[in-house]
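The next block holds one structure in the form of structure tokens; read it before the comments.
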Amino acid sequence: MDSDKEQLEQETLPLSLRPEWSDVKPIPQDDGPNPVVQIAYKQDFRETMDYFRAIYSAKELSPRALQLTREAILLNPGNYTVWHFRRQILEALDANLLEELDFVGCIAKDNSKNYQIWHHRRWVAQKLGTSATSKELDFTRKILSLDAKNYHAWSHRQWVLQALGGWEDELDYCQQLLEEDIYNNSAWNQRYFVITRSPFLGGLEAMRDSEVSYTVEAIMANPDNESPWRYLRGLYKNNTESWINDPKVSSVCLKVLNAKSNHVFALSMLLDLLCHGFQPSQDFREAIDALTSDSAPIDSDLAKAICDVLQRVDMMRANYWIWRKSKLTPVA
């Protein structure tokens, strides 16, 4: 505690008044002879960067240089050059990289979407190897608990899983996130990433049946949630024949259509099934007829009839459905 207090007091003291920096001649920023719009930097920022330019120019890889990069980062966490130089210093000093992860974690609290922070953290984790796996997964979990769709955190988490491991509990983590928010499209994306990449689950083919059942249940609970509909399509990637012929896919479409509410995504999937050769039963014809308005003519072509319904109920994309209908092959 005393050391932290001493460090804080030291950092609030101007560099020009610190004895350990008396041998360094600061290098001012060169804005040219006639800057058009000169930036009014705060004095502490200007001085810190002037000293940083001096040690950077001298390629000084020392403990005091490391401390100076810390102060510069606290003033501007987005300065790529400072982060880059800090990595050179850390490597030259063989510094404690676990402590570095703690430092990055502190900076990330208020800068969780700063690319430089994530790039630096990946570099540190890569240096530490598998010993950092648990720490990195916990770190991203904390960030995602505050911002469930933080792209940088998800990207880092996926890198950790692929480079360092930690797959064992990842599907359970996705399950937890979806239980908290079934509309979390990032969690759906991560779930797909896990079932297709995890070395423990057997791949998409092995997981398809159970995942389809899980997804159908999610769709029936919230038919207006686009994420599980897209996830369902992804479960048949590069296997259109299985997608068309799996009765669970067409069945969930029919069930949602018969419910007569929140059926845009069911109609969209059914249209795509028909365009790929799906042969519908009379039940589908009756379900579509029930959705058409009394005054609207019912097209004998089921696919075109679906486009007519979508044009009416999905007005934001009405022109798209008109275009889709124009591209349909006429029924012989």
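The values are calculated or read from the model by the stated rules, or taken from the named source; none is laboratory data. All of these numbers come straight from a predicted model, not from anything done at the bench. Neighbour counts run over all protein chains shown; Cβ positions are idealised from the backbone, glycine included. Just so you know, the surface numbers come from the protein's heavy atoms only, side chains and all, with ligands and any DNA or RNA stripped out. Shrake-Rupley method; radii C 1.70, N 1.55, O 1.52, S 1.80 Å.
Out of residues 5 or more away from Asn184 or on other chains, whose amide H comes under 5 Å of its own, with H placed 1.01 Å from N in the peptide plane?
Those qualifying (amide H under 5 Å, at least 5 residues apart or on another chain) number zero.
Given a Förster distance of 35 angstrom, what is the FRET efficiency for Arg141 paired with Val313, based on the Cβ-Cβ distance and rounded to 0.05?
0.35
With the other protein chains left in place, how much accessible area per residue, in square angstrom, belongs to the chain at a 1.4 angstrom probe?
Values: 18260 Å² over 332 residues.
It amounts to 55 Å² per residue over the chain.
For Ala206 paired with Arg70, estimate the spin-label separation in nm (one decimal), with each label point 7 Å from Cα along the Cα-to-Cβ line.
Placing both labels 7 Å beyond Cα along the Cβ direction yields 4.6 nm.
Evaluate E = 1/(1 + (r/R0)^6) for Lys25 and Trp323, where r is the Cβ-Cβ distance and R0 equals 56 Å; express this FRET efficiency to the nearest 0.05. Each step should come with its number before you reach the end.
Details: r = 68 Å, r/R0 = 1.21.
With R0 = 56 Å, the Cβ-Cβ based efficiency is 0.25.
So I have (i) 68, 40, 37; (ii) 88, 52, 32; (iii) 75, 44, 35, and one of them is Cα extents along the principal axes in Å calculated from this model. Which one is it?
So the structure-derived entry is (ii).
How much of the accessible area of the chain, probe 1.4 Å, is carbon plus sulfur, in whole percent? Write out the running numbers ahead of the final one.
On the way: 9310 of 18260 Å².
The value for the chain is 51 percent carbon and sulfur by accessible area.
So if we plug the beta-carbon distance of Thr292 and Arg233 into 1/(1 + (r/R0)^6) with R0 = 30 Å, what FRET efficiency do we get, rounded to 0.05?
Working: r = 26 Å, r/R0 = 0.85.
Given R0 = 30 Å and the Cβ-Cβ separation, E is 0.70.
Sum -39500 (n - 2.57) across every DSSP H segment of at least 4 residues in the chain, then divide by the residue count to get the 222 nm mean residue ellipticity, nearest 500. Show your work: numbers first, answer last.
Details: 18 runs with 222 residues, N = 332.
Helices in the chain give a 222 nm mean residue ellipticity of -21000 deg cm²/dmol.
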